[in-house]
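Peer 1: Pasting a structure below so you can have a look.
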Amino acid sequence: PPTIRLTDYAPPAYLVDAVHLTFRLDPAATRVAARLSMRPNPHAAPGQDLRLDGEKLTLRAAAIDGARIELNPDAEGLTVPAGALPDGPFTWEAEVEIAPKDNTALEGLYMSKGMYCTQCEAEGFRKITFFPDRPDVMATYTVRIEGDQPVLLSNGNPTAQGPGWAEWHDPHPKPSYLFALVAGDLVSHDDGFVTASGREVALKIYVRPGDQHKCAYAMDALKRSMRWDETEYGREYDLDLFMIVAVDDFNMGAMENKGLNIFNSKYVLASPETATDRDYELIEGIIAHEYFHNWTGNRITCRDWFQLCLKEGLTVFRDQQFSGDQRSRPVKRIEDVQMLRTRQFREDAGPLAHPVRPQEYIEINNFYTATVYEKGAEVIGMLHRLVGADAYRRALDLYFERHDGQACTIEDWIEVFEDATGRDLTQFARWYSQAGTPRLGVEESFEGDTYTLTLTQSTPPTPGQAEKRPLVIPVAAGLLDRQGAEVVPTRMLELTEARQSFTFEGLAARPVPSLLRGFSAPVILNRTADDAERAFLLANDTDPFNKWEAGHALTRDVLARMVRAPDTPADPELLTALVAALDDPALDPAFKALVLGFPTAEDVFRTVRQDSPPPDPAEVRVALIRLDTALARLIPDLPERIRALAVPGRYSPDADSAGRRALSGRLLGLLTRLEPDAATARAVFARTDNMTETMQALGLLVRSDNADAALAAFHARWKDDPLVLDKWFSVQAALTPPERAVETVQALTEHADFDWKTPNRLRAVVGSFAMGNMAGFHRADGAGYRFLADWLIKLDPVNPQTTARLAGAFETWRQFDEGRQALILHQLQRIADRDALSRDTTEIVGRILD
Ligand code: HT7
Ligand code: ZN
């Protein structure tokens with residue numbers, strides 16, 4: 001397949017001003033009639049052929065300015081020769097036929113449980129009609145839907161309807177990837193919102209009958225998001241109606257189609273009995289994210305798909321700000337950094353590393369990555385830190401004013417910040433083009449009353465980028481004295497050179513530095529601190545992120561030592577420091593849960609690997625269990641502590657209550673290490689009325705091999721609720737002990753409820769196993785690898801996008817011992833050798849193998 005390059009960008013030869021679509025819905029033969037008002041692009045070379053994208057479309061008829069034209073589409077679209085076009089504006093008409101019921105790839109128009117829905121980002125619209133399917137072609141849309149479904153929806157505002165038909169008009173010009181259509185037997189949960197300027201907006205969340213009572217939280221999150229965007233960014237909603245639809249079959253989380261967001265039902269539906277605290281938190285964040293796209297993505301969109309981070313990085317940054325404001329900022333920041341390190345640092349360190357703005361791709365769906373999203377958000381966060389909150393707001397105001405209605409580039413974005421702040425951001429812009437995670441080195445000296453901090457930076461080579469240049473790195477630093485008092489409050493050091501010194505004068509004694517506070521840049525801080533200093537910072541740092549970080553790094557290093565030398569006892573100093581944090585009345589439960597939550601097995605694995613041969617993942621797991629058990633033994637009265645954390649009254653998903661449950665769940669995990677029959681977890685499972693505690697207990701029962709009865713009871717109770725049943729599958733795939741994990745996931749895939757064409761169900765088993773059960777997946781005989789490869793081979797012809805994403809589980813293969821490398825390589829080769837492998841999977845497997 002061809003490689004698409006940013007340097008090859010050329011403006012579209014023709015523009016579309018208005019789109020009229022008529023859908024006659026039928027599962028096997030939907031008719032789509034399109035009428036496009038087109039004209040030559042004044043900014044492109046004149047006299048070009050008209051090329052329209054189109055895939056899997058049966059062309060029934062086409063016309064230009066009403067005159068029939070015979071055309072022969074190829075596999076990717078069709079070409080109208082320039083000679084067949086008038087000089088000025090013209091009307092293109094086409095009628096095509098498509099088969100939504102056969103569309104298992106879930107791109108374009110497809111069916112989910114009898115309901116029609118669309119997914120057009122990035123290039124799905126070309127599976128609906130012939131069109132210049134690129135984001136820099138923006139048009140208004142008028143849509144007529146004919147079908148016998150009770151609910152017929154599209155973007156914008158409803159203009160007319162009757163039995164079996166409805167018409168919609170979206171006055172805001174938009175790119176084709178934001179088009180949406182939904183038709184089905186749906187019910188709505190309704191509410192309203194009055195904007196800051198007094199306009200009334202109707203809000204509707206559409207779900208399948210029976211799910212109406214699970215929409216209240218999503219609706220509340222939506223209203224809070226709308227208000228927050230007004231107060232924090234001055235952005236009002238711009239239509240009379242905002243709709244969300246929940247669908248069960250969906251490749252990703254949600255989609256920001258103009259006025260008609262479509263969501264994976266997992267990120268809409270919630271009730272205390274069926275959703276965990278984490279589900280509620282994700283719903284809030286994703287509802288906000290999609291809503292915020294209305295301005296950052298829809299009103300101002302991307303010129304081309306290389307600019308994806310322009311909308312995604314910024315919108316993730318905005319949803320993170322929102323969630324931090326709604327909940328605890330430090331807790332949210334720690335969670336975001338954990339996620340960045342688990343997913344993005346992993347990506348940056350392997351064969352799939354790419355810049356926040358990639359230079360080339362084969363399949364754009366493969367670039368909806370942690371680097372574009374999460375590192376993209378970190379880049380915006382650094383800009384915010386460097387220019388300050390006021391200048392950031394000025395810059396954003398200018399961005400909206402200057403670029404509303406346009407399809408923009410990262411250069412436009414940078415220029416806005418330069419114009420608003422007067423700063424030269426040439427060097428900063430390297431964050432968009434340079435892949436890899438920078439390493440920050442630290443040297444210190446103290447003479448007289450002056451402390452000198454010398455920082456160095458370097459970025460390891462990544463695929464296609466051997467040489468790296470210095471970046472602008474904001475390093476938030478504070479200094480503490482040996483008694484734990486803060487002697488220098490947080491200062492933003494701007495590291496721009498490969499090596500640079502910063503001095504702090506007037507100090508009575510050599511201080512203890514607290515560096516990269518709040519995780520001020522997405523880098524790896526290579527500071528060789530000893531255990532005592534880490535314990536000191538855990539006890540004394542005033543920066544909550546670094547307080548957590550100190551405990552996290554200490555725990556990780558202790559675990560790494562326990563893996564390297566299995567006789568090493570669990571470090572008593574660490575255990576004492578963790579118990580002290582647990583007993584600290586100044587810390588809230590959510591924060592304590594994070595401090596007591598151990599690093600992931602992957603994190604420990606990577607730490608060991610830095611200076612030792614790759615360990616066996618099973619040994620990493622043993623070290624984690626040993627440390628867990630030692631900590632459990634040291635905490636007196638665990639049962640009483642768990643009881644004291646119980647939240648009185650009815651379940652509420654608020655952050656404080658969730659924090660208490662997070663801590664009590666962690667303590668229950670520790671207690672279960674000491675109970676051979678997991679008696680307390682069993683009791684919690686039997687008595688609790690909320691899904692958070694149910695899943696905490698069930699996970700512990702699965703982990704400790706005590707789950708047979710609980711799993712049977714859970715299945716009997718929830719077999720008709722797909723989202724809850726996903727949890728039943730997922731908990732077994734992730735937490736079954738490694739010796740039996742492959743057999744368990746194999747059996748799960750043979751279960752009558754394993755509907756493998758539904759991405760949520762497939763991810764619940766195959767994804768949870770490959771990404772969440774490290775020791776099980778990396779079993780020495782390679783059975784885990786074979787299991788994943790078998791599924792990738794089976795899924796690829798059905799759903800390439802989801803296949804390619806799951807194939808990313810192999811991206812770390814070079815980090816393992818030679819035996820495992822050979823086994824993984826064999827499976828990757830087996831996949832690569834398949835005939836007719838999709839473009840998506842060919843690209844990912846090819847890059848992993850490179
Ligand atoms: N902008 C969307 C990204 C997306 C997507 C969503 C659902 C299915 C397929 C998709 N391909 C790309 C989601 C977002 O970032 O908000
Ligand atoms: Zn997004």
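Peer 1: Strands (runs of 3 or more DSSP E) wholly in the range 146-215 with at least 3 residues that are surrounded by fewer than 20 Cβ atoms within 10 Å (Cβ to Cβ) - which ones? It would help to see each step written out before you state the result.
Peer 2: Numbers: elements: 151-154, 157-162, 165-175, 181-184, 187-194, 200-207.
Because the criterion is at least 3 residues that are surrounded by fewer than 20 Cβ atoms within 10 Å (Cβ to Cβ), the strands (runs of 3 or more DSSP E) in the range 146-215 that meet it are 157-162, 165-175, 187-194, 200-207.
Peer 1: Assigned to a loop (DSSP other than H, G, I, E, B), free of Cβ contacts under 8 Å to residues at least 40 places away in the same chain, within 13 Å of ligand 1 (Cβ to nearest atom) and within 16 Å of the chain's Cα centre (by Cα) - does that describe any residue in the range 249-256?
Peer 2: Let us first name the residues in the range 249-256 that are assigned to a loop (DSSP other than H, G, I, E, B), namely 249-253, 256.
Narrowing the set further to residues that are free of Cβ contacts under 8 Å to residues at least 40 places away in the same chain leaves 253.
Next, from what is left, pick out any that are within 13 Å of ligand 1 (Cβ to nearest atom): 253.
Then drop every residue that is not within 16 Å of the chain's Cα centre (by Cα), which leaves 253.
Yes - at least one qualifying residue is present in the range 249-256.
Peer 1: Can you tell me which residue among Ala775, Ala747, Ala770 is part of a helix (DSSP H, G or I), in contact (Cβ under 8 Å) with a residue 60 or more places away in the chain and out of contact with any strand residue (DSSP E or B) (no Cβ under 8 Å at 6 or more places or on another chain)?
Peer 2: Values: Ala747 fails: in contact (Cβ under 8 Å) with a residue 60 or more places away in the chain; Ala770 fails: in contact (Cβ under 8 Å) with a residue 60 or more places away in the chain.
Within the list Ala775, Ala747, Ala770, the selection yields Ala775.
Peer 1: Quick check on my filter: what residues within the range 677-694 are within 27 Å of Pro636 (Cβ to Cβ) and either part of a helix (DSSP H, G or I) or at pLDDT below 95 (or both)? Break it down into steps so the answer makes sense when it comes.
Peer 2: Step one: filter the range 677-694 for residues within 27 Å of Pro636 (Cβ to Cβ), giving 677-688, 692-693.
The answer is Ala679, Thr680, Ala681, Arg682, Ala683, Val684, Phe685, Ala686, Arg687, Thr692, Glu693.
Peer 1: Considering only the range 785-805, state which residues are assigned to a helix (DSSP H, G or I), touching a Leu at 6+ places or on another chain (Cβ under 8 Å) and closer than 16 Å to Arg839 by Cβ.
Peer 2: Leu792, Leu795, Gln801, Thr802, Thr803
Peer 1: Out of all the residues in the range 66-81, which are in a loop (DSSP other than H, G, I, E, B) and at negative phi? Spell out how you get there, then give the answer.
Peer 2: Here is the first cut: in the range 66-81, the ones in a loop (DSSP other than H, G, I, E, B) are 66, 69-73, 75-76, 81.
Hits for the range 66-81 are Ile69, Glu70, Leu71, Asn72, Pro73, Ala75, Glu76, Pro81.
Peer 1: Only residues in the range 294-313 that are farther than 21 Å from Leu222 by Cα count as the first member; pair them with residues that are more than 13 Å from ligand 2 (Cβ to nearest atom) and among the small types (Gly, Ala, Ser), Cβ under 7 angstrom, at least 6 apart or cross-chain, and list the lot.
Peer 2: Thr301/Ala407; Cys302/Ala407; Arg303/Ala407
Peer 1: Anything in the range 815-837 that is in a helix (DSSP H, G or I), closer than 14 Å to Asp616 by Cα and touching a residue at least 40 places away in the same chain (Cβ under 8 Å)? List them, or say none. Working first, answer last.
Peer 2: We begin by selecting, within the range 815-837, every residue in a helix (DSSP H, G or I); these are 815, 818-832.
Next cut, closer than 14 Å to Asp616 by Cα only: 815, 818-821.
Matches in the range 815-837: Gln815, Arg820.
Peer 1: What helices (runs of 4 or more DSSP H) completely inside the range 507-603 contain at least 2 residues that are touching a Phe, Trp or Tyr at 6+ places or on another chain (Cβ under 9 Å) and within 19 Å of Glu335 (Cβ to Cβ)?
Peer 2: Once the helices (runs of 4 or more DSSP H) in the range 507-603 are filtered for at least 2 residues that are touching a Phe, Trp or Tyr at 6+ places or on another chain (Cβ under 9 Å) and within 19 Å of Glu335 (Cβ to Cβ), what remains is 544-564, 589-596.
Peer 1: A follow-up question, please. Just name the residue that is surrounded by the most Cβ atoms within 10 Å (Cβ to Cβ) out of those in the range 326-375 that are among the β-branched types (Val, Ile, Thr) and within 13 Å of the chain's Cα centre (by Cα).
Peer 2: Step one: list which residues in the range 326-375 are among the β-branched types (Val, Ile, Thr), which gives 331, 334, 337, 342, 356, 362, 364, 369, 371-372.
Next, from what is left, pick out any that are within 13 Å of the chain's Cα centre (by Cα): 337, 342, 369, 371-372.
Values: Val337: 20, Thr342: 17, Thr369: 23, Thr371: 28, Val372: 26.
Among them, the one singled out is Thr371.
Peer 1: Name the residues in the range 11-40 that are aromatic (Phe, Trp, Tyr) and closer than 22 Å to Ala183 by Cβ, would you?
Peer 2: The first filter runs over the range 11-40 and keeps only residues aromatic (Phe, Trp, Tyr), leaving 14, 23.
Of everything in the range 11-40, just one residue is aromatic (Phe, Trp, Tyr) and closer than 22 Å to Ala183 by Cβ, namely Phe23.
Peer 1: If you don't mind, there's one more thing I want to ask. Output the number of the condition that Lys375 fails; it satisfies all remaining conditions of (1) in a helix (DSSP H, G or I); (2) more than 16 Å from ligand 2 (Cβ to nearest atom).
Peer 2: (2)
Peer 1: Just one of (1) out of contact with any Leu (no Cβ under 8 Å at 6 or more places or on another chain); (2) under 29 Å from Ala67 (Cα atoms) trips up Phe130, so point out which.
Peer 2: Failed condition: (1).
Peer 1: Here's something else I'd like to know. Within the range 128-156, work out how many residues are of a type outside the set (Val, Ile, Thr) and more than 20 Å from Ile300 (Cα to Cα).
Peer 2: First, the residues of the range 128-156 that are of a type outside the set (Val, Ile, Thr): 130-136, 138-139, 141, 144, 146-150, 152-156.
Narrowing further to those that are more than 20 Å from Ile300 (Cα to Cα): 130-131, 144, 146-150, 152-154.
Residues that pass the stated criteria total 11.
Peer 1: Scan Pro522, Pro544, Pro589, Pro566 and give me the residue that is of a type outside the set (Ser, Thr, Tyr), in contact (Cβ under 8 Å) with a residue 12 or more places away in the chain and not assigned by TED's automatic domain parsing to the domain that holds Thr629. Lay out the reasoning, then the answer.
Peer 2: Details: Pro544 fails: not assigned by TED's automatic domain parsing to the domain that holds Thr629; Pro589 fails: not assigned by TED's automatic domain parsing to the domain that holds Thr629; Pro566 fails: not assigned by TED's automatic domain parsing to the domain that holds Thr629.
Only one candidate passes the filter, namely Pro522.
Every residue, every condition in (1) within 13 Å of ligand 1 (Cβ to nearest atom); (2) in a strand (DSSP E or B), yes or no:
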site	(1), (2)
Gly83	no, no
Glu93	no, yes
Glu97	no, yes
Thr118	yes, yes
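Peer 1: Within the range 292-325, restricting attention to residues that are of a type in the set (Asp, Glu) and under 17 Å from the mean Cα position of the chain (by Cα), which residue is nearest to ligand 1 (Cβ to nearest atom)?
Peer 2: Kept after step one, since they are of a type in the set (Asp, Glu), are these residues of the range 292-325: 304, 312, 319, 325.
Cutting the leftovers down to under 17 Å from the mean Cα position of the chain (by Cα) gives us 312, 319.
On the way: Glu312: 5, Asp319: 9 Å.
If we take residues in the range 292-325 being of a type in the set (Asp, Glu) and under 17 Å from the mean Cα position of the chain (by Cα), then Glu312 is nearest to ligand 1 (Cβ to nearest atom).
Peer 1: So in the range 278-298, with the set limited to residues that are assigned to a helix (DSSP H, G or I) and touching a Gly at 6+ places or on another chain (Cβ under 9 Å), which one is farthest from ligand 2 (Cβ to nearest atom)?
Peer 2: So in the range 278-298, the residues assigned to a helix (DSSP H, G or I) come out as 278-292.
Within this subset, residues satisfying the condition of being touching a Gly at 6+ places or on another chain (Cβ under 9 Å) are 282, 286, 289-290.
Numbers: Leu282: 14, Ile286: 9, His289: 5, Glu290: 7 Å.
Only one residue fits best here, namely Leu282.
Peer 1: Ok, one more. For the range 797-804, state whether one or more residues are buried (at least 22 other Cβ atoms within 10 Å of the Cβ), hydroxyl-bearing (Ser, Thr, Tyr), touching a residue at least 12 places away in the same chain (Cβ under 8 Å) and under 23 Å from Asp102 (Cβ atoms).
Peer 2: yes
Peer 1: While we're on this one: Failed condition for His289, given (1) touching a strand residue (DSSP E or B) at 6+ places or on another chain (Cβ under 8 Å); (2) more than 13 Å from ligand 1 (Cβ to nearest atom); (3) not hydrophobic (A, V, I, L, M, F, W, C), with all others met?
Peer 2: Checking His289 against (1) touching a strand residue (DSSP E or B) at 6+ places or on another chain (Cβ under 8 Å); (2) more than 13 Å from ligand 1 (Cβ to nearest atom); (3) not hydrophobic (A, V, I, L, M, F, W, C), the one that fails is (2).
Here's the yes/no breakdown for (1) closer than 23 Å to Gln307 by Cα; (2) touching a Ser or Thr at 6+ places or on another chain (Cβ under 8 Å); (3) modelled with pLDDT of 95 or more:
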residue	(1), (2), (3)
Glu93	no, no, yes
Ala99	no, yes, yes
Cys120	yes, yes, yes
Gly124	yes, yes, yes
Met138	yes, yes, yes
Val143	no, yes, yes
Pro173	yes, yes, yes
Asp185	no, no, yes
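Peer 1: Filter the range 511-536 down to the residues that are of a type in the set (A, V, I, L, M, F, W, C) and closer than 19 Å to Val487 by Cα, then identify the one that is farthest from the chain's Cα centre (by Cα). Give the derivation first.
Peer 2: Of the residues in the range 511-536, the ones of a type in the set (A, V, I, L, M, F, W, C) are 512, 515-516, 519, 521, 523-525, 529, 532, 535-536.
Narrowing the set further to residues that are closer than 19 Å to Val487 by Cα leaves 512, 515-516, 535-536.
Numbers: Val512: 36, Leu515: 27, Leu516: 24, Ala535: 32, Phe536: 34 Å.
Of everything passing the filter in the range 511-536, Val512 is farthest from the chain's Cα centre (by Cα).
Peer 1: Separate question: Return the pair list, or none, for Cβ contacts closer than 6 Å from residues in the range 355-373 that are under 20 Å from Arg839 (Cα atoms) and in contact (Cβ under 8 Å) with a residue 24 or more places away in the chain to residues that are aliphatic (A, V, I, L, M) and surrounded by fewer than 18 Cβ atoms within 10 Å (Cβ to Cβ), at least 6 apart or on different chains.
Peer 2: Gln359/Leu6; Tyr361/Ile4
The values are calculated or read from the model by the stated rules, or taken from the named source; none is laboratory data. Everything numeric in this text was worked out from a predicted model, so none of it was measured. In this analysis, Cβ positions are derived from the backbone assuming ideal geometry, glycine residues included, and neighbour counts consider all displayed protein chains.
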